[in-house]
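J.: This is the structure I want to talk about, given as structure tokens.
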Amino acid sequence: MTLAELKNRLPARTLAVLVAGAVIAVGFVAVFIIPDTREAEALRHQIGQLRANLELRRQLLPVAQSLKDAQAGLPSVGPVGGGERLPLAEVGRLAGIMDGLAAPLGLRVNRVSPDPSSVTRNGLVAVRLGLVGPADAFREFLLALGRYGPLVKVESLTTAVDRDGREYTVKCWLAVR
């Protein structure tokens, strides 16, 4: 049966109802089914990514736990400095003070140079330190320096291999009065 024969056999009202029904069905599919199908596909893709991420986290959990255990075994640094100020007359003795911190650890202080042009209105002065020695001793020196009362902050650290061994340069700020 062709469309022309159908048109001749069915009344016009029935054809109009069939066409209206087909338009409503196509509209329903276009408005409700297709967007929901696309959203469901996007959600399936997102679920796949989240499962892969969860599996990666499960694999890395032992590593994270061992890092947390290792971090718990490290000594705590505590607050920086003690909040006290270094008397201005003591600035000339900084080489002896720093040597007193470094010598028991096996480090040699080869330079202590306070920068007088760096003095701020808050009473801070920049000091550059040069040290030579092993890396583990330098780490301990930094912990000891962190407990030194007038220390406000450590601005920079650099290291280089020299003919005498490993050389460290530290720029820190000390509070003076």
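Each reported figure results from applying straightforward, stated rules to the coordinates on display, with no laboratory input. What you see is a predicted model, and the numbers here were worked out from it, not measured in a lab. Every residue, glycine as well, gets a Cβ built from its backbone with ideal geometry; the counts of neighbours run over all protein chains shown.
J.: Calculate the dipole size of the chain relative to its Cα centre from +1 charges on Lys and Arg beta carbons and -1 charges on Asp and Glu beta carbons; express the result in debye to the nearest 20. Mind dumping the intermediate values first?
T.: Working: 22 positive and 16 negative charges, 83 e Å.
That gives the chain a dipole magnitude of about 400 debye.
J.: In addition: Local charge sum around LEU15 (other residues, Cβ-Cβ under 14 Å, Lys/Arg +1, Asp/Glu -1)? If you can, show how the numbers build up before the last one.
T.: Values: positive: LYS7, ARG9, ARG13; negative: GLU5.
In short, +2.
J.: Next question, about the same structure. I need the phi-derived Karplus couplings for the stretch 142-150: 6.51 cos²θ - 1.76 cosθ + 1.60, θ = phi - 60°, integer Hz, Gly and Pro marked x.
T.: 4, 5, 5, 5, x, 8, 5, x, x
J.: Name the residue farthest towards the positive end of the dipole of the stretch 1-74 from the options ALA12, ALA25, GLN71, assuming +1 on Cβ of Lys and Arg, -1 on Cβ of Asp and Glu, about the Cα centre.
T.: The Cα lying farthest towards the positive end belongs to ALA12.
J.: Along Cα→Cβ, 7 Å out, is where each label goes; now give me the distance between the ones at GLU84 and LEU157 in nm to one decimal.
T.: Here the answer is 2.5 nm between the modelled labels.
J.: Another question about this same structure. Residue by residue through the stretch 160-177, what is 3J(HN,Hα) from phi via Karplus (6.51 cos²θ - 1.76 cosθ + 1.60, θ = phi - 60°)? Round to whole Hz and write x for glycine and proline.
T.: With coefficients 6.51, -1.76 and 1.60, one gets 8, 8, 10, 5, 8, x, 7, 10, 10, 10, 10, 10, 10, 10, 10, 8, 10, 10 Hz.
J.: Next up: Pull up the cross-link candidates among the lysines for LYS153, meaning alpha carbon to alpha carbon under 29 Å and not fewer than 8 places away within one chain.
T.: Hits, sequence-local ones excluded: LYS68, LYS171.
J.: Now a separate question. Once the convex hull of the alpha carbons of the chain is built, what does its volume come to per residue, in cubic angstrom?
T.: Numbers: hull volume 56.5 nm³, N = 177.
Each residue corresponds to 319 Å³ of Cα convex hull volume.
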